[in-house]
Amino acid sequence: MRNVAIIGTGHTKFGVRTDVNLQELAWEAVKQALEEANIDQNEIQYFVVGNVGNWSSEELPAVIVGEYCNLTPKGTMRVEAACSTGSAAIRDAYLAIKSGEADIALVVGVEQMHQAPNPQVVELIGRAGGYFWEFENFGLTFPGYYALHASAYMAKYGMKEEDLGKIAIKNHYYGAKNPYAQFQKEITMEEYLKSKPVAYPLKLLDSSPITDGAAAIVLASEEVAKKITDSPVWIVSQGVASGTANLSRRTDFTHIEAVHIAAQQAYKRARIEFDNAWKNFDVADVHDCFTIAEIMAYEDLGFAKRGEGYLLAREEQTYIGGKIPVNVDGGLKAKGHPIGATGVSMAVSITRQLLYRAHKGTQVEVKNGMGIAHNVGGTGHYAYVTIYSTRRPST
């Protein structure tokens, strides 16, 4: 099995991108990634398109994107894994190279959610769990799902609404410094507490937005990467797990078990101890679709003990200079959450961080040369944990 490296990255502005169509949006990211890797389309042997697209006019996004980006007739696949679609797309290309089926592959995650009215998008996302027992009969939407997590966590561990607010404030602080971010304005605790309720205890400022955007990476085998760049970022390991479709089958709403399992897999392959895992990483991008999700991620990834994740937020230990910088690109909360692109955007952010190419005011100090991405589909229906490093992993 071969080592796999990222040799090129691309990222669009996130937000309302009705100025372009889906394939034009994808090309913005693909073009950047190809230029950064200093290769042409004819050198790509396989490409994967991450796209959920229930709201889109294009039913075959991989075909449309491939033709527009001049990647045809190379082999392709459209990948969908809810909100972790981007990480699933990375996995497909990663395994193609690792197994020897391809030497260079392209991954592009793209979503144009504003092709449909907001109420329709909210409904389509809400239908993503156990449709009959959750959405059809009880009208549960995704803010409602995560409100269950937040309520359970507050009741068990004593977390306050202000602790959730600390997550939103941090991520907007860094989003304001990221020119790609959908929201580029800092917020205050007063603004947070006054924001409109969505599903108690979650408010509007606890929630990630509906977003259009694209991100892309070029992956290569070790042999090829060494010929192209002297600064590859390696995929060290990836853990993958799943959870029940119906949340009534779950016994604990204070964490997401699939994430914990995926993290254990990734850490075992990377030879990292779960307890105090944070010591190995310079930066983390975690799936903060709602503020409570980031707090649960701290615990599921071993950054904090059970019931103590909110203390990292309260003590501001996840800012640059703290215990472990988290979501210093603004996260889903401020950068935006174009579902098919989110996992790829995380890979771009971490790669640029490790190579000291992050935006001014968001660059971490790189000591270990290692970062981690945590990408959740639904409420733990899918979970991907990916570890990236500037150090070549052992084969």
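Points to keep in mind about this one:
For every residue, the table says whether it meets (1) over 22 Å from Tyr384 (Cα atoms); (2) in contact with a Pro (Cβ under 7 Å, 6 or more places away or on another chain); (3) without any contact (Cβ under 8 Å) to a residue 24 or more places away in the chain.
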{"position": "Ala37", "(1), (2), (3)": "yes, no, no"}
{"position": "Gly50", "(1), (2), (3)": "no, no, no"}
{"position": "Pro73", "(1), (2), (3)": "yes, no, yes"}
{"position": "Met77", "(1), (2), (3)": "no, no, no"}
{"position": "Ala96", "(1), (2), (3)": "no, no, no"}
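- Being without any contact (Cβ under 8 Å) to a residue 60 or more places away in the chain, open to solvent by 10 Å² or more (accessible area, probe 1.4 Å) and not small (Gly, Ala, Ser) is a property that does not hold for Ile324.
- Filter result for Tyr388 (within 21 Å of Ala33 (Cα to Cα) and part of a loop (DSSP other than H, G, I, E, B)): no
For (1) under 20 Å from Ala258 (Cα atoms); (2) among the β-branched types (Val, Ile, Thr), each residue gets a yes or a no:
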residue	(1), (2)
Gly302	yes, no
Lys335	no, no
Gln353	no, no
Tyr356	no, no
Lys367	no, no
Ala373	yes, no
Val376	yes, yes
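- A single entry from Ala304, Ala313 fulfils the requirement of being over 25 Å from Pro179 (Cβ atoms) and either assigned to a helix (DSSP H, G or I) or of a type in the set (Lys, Arg) (or both): Ala313.
- Within the stretch 126-161, tally of residues that are open to solvent by less than 40 Å² (accessible area, probe 1.4 Å), farther than 28 Å from Met189 by Cα and in contact (Cβ under 8 Å) with a residue 40 or more places away in the chain: 3
- Per-region count, the stretch 350-395, residues open to solvent by 10 Å² or more (accessible area, probe 1.4 Å), modelled with pLDDT of 95 or more and within 21 Å of Val52 (Cα to Cα): 2
- Residue pairs whose Cβ atoms lie under 6 Å apart, separated by 6 or more positions or on different chains, with the first residue in the stretch 333-360 and touching a residue at least 60 places away in the same chain (Cβ under 8 Å) and the second small (Gly, Ala, Ser) and surrounded by fewer than 24 Cβ atoms within 10 Å (Cβ to Cβ), are Arg352/Ala358; Leu355/Ser231.
- Residue check, Ala88 in contact (Cβ under 8 Å) with a residue 40 or more places away in the chain, closer than 24 Å to Cys289 by Cα and crowded, with 18+ Cβ neighbours inside 10 Å: yes
Here is a yes/no grid of residues against (1) over 19 Å from Gly331 (Cα atoms); (2) of a type outside the set (A, V, I, L, M, F, W, C):
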position	(1), (2)
Phe135	yes, no
Leu140	yes, no
Gly144	yes, yes
Ala150	no, no
Met154	yes, no
Tyr157	yes, yes
Gly165	no, yes
Ile169	no, no
Tyr173	no, yes
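- Check on Leu311, in contact with a strand residue (DSSP E or B) (Cβ under 9 Å, 6 or more places away or on another chain), open to solvent by 10 Å² or more (accessible area, probe 1.4 Å) and more than 20 Å from Ala258 (Cβ to Cβ): no
- Enumerated strands (runs of 3 or more DSSP E) restricted to the stretch 1-85, each holding at least 3 residues that are in contact with a strand residue (DSSP E or B) (Cβ under 6 Å, 6 or more places away or on another chain), under 16 Å from Val107 (Cα atoms) and open to solvent by less than 30 Å² (accessible area, probe 1.4 Å): 4-11, 46-50
- Residue check for Ala96: small (Gly, Ala, Ser), open to solvent by 10 Å² or more (accessible area, probe 1.4 Å), over 21 Å from Gly15 (Cβ atoms) and at pLDDT 95 or above: yes
- Across the stretch 271-291, the qualifying residues are those that are in contact with a strand residue (DSSP E or B) (Cβ under 7 Å, 6 or more places away or on another chain) and of a type in the set (Asp, Glu), and the one among them that is nearest to Asn375 (Cα to Cα) is Asp285.
- Within the stretch 100-121, the set of residues being open to solvent by less than 70 Å² (accessible area, probe 1.4 Å) and either modelled with pLDDT under 80 or in a loop (DSSP other than H, G, I, E, B) (or both) comprises Gly100, Ala102, Asp103, Ala116.
The values are calculated or read from the model by the stated rules, or taken from the named source; none is laboratory data. Being a predicted model, the structure only gives us computed values, none of them experimental. All Cβ positions, glycine included, derive from the backbone under ideal geometry; neighbour counts span all protein chains shown. Please note that ligands, DNA and RNA were not included when accessible areas were found on the heavy atoms of the full protein model with its side chains. Shrake-Rupley method; radii C 1.70, N 1.55, O 1.52, S 1.80 Å.
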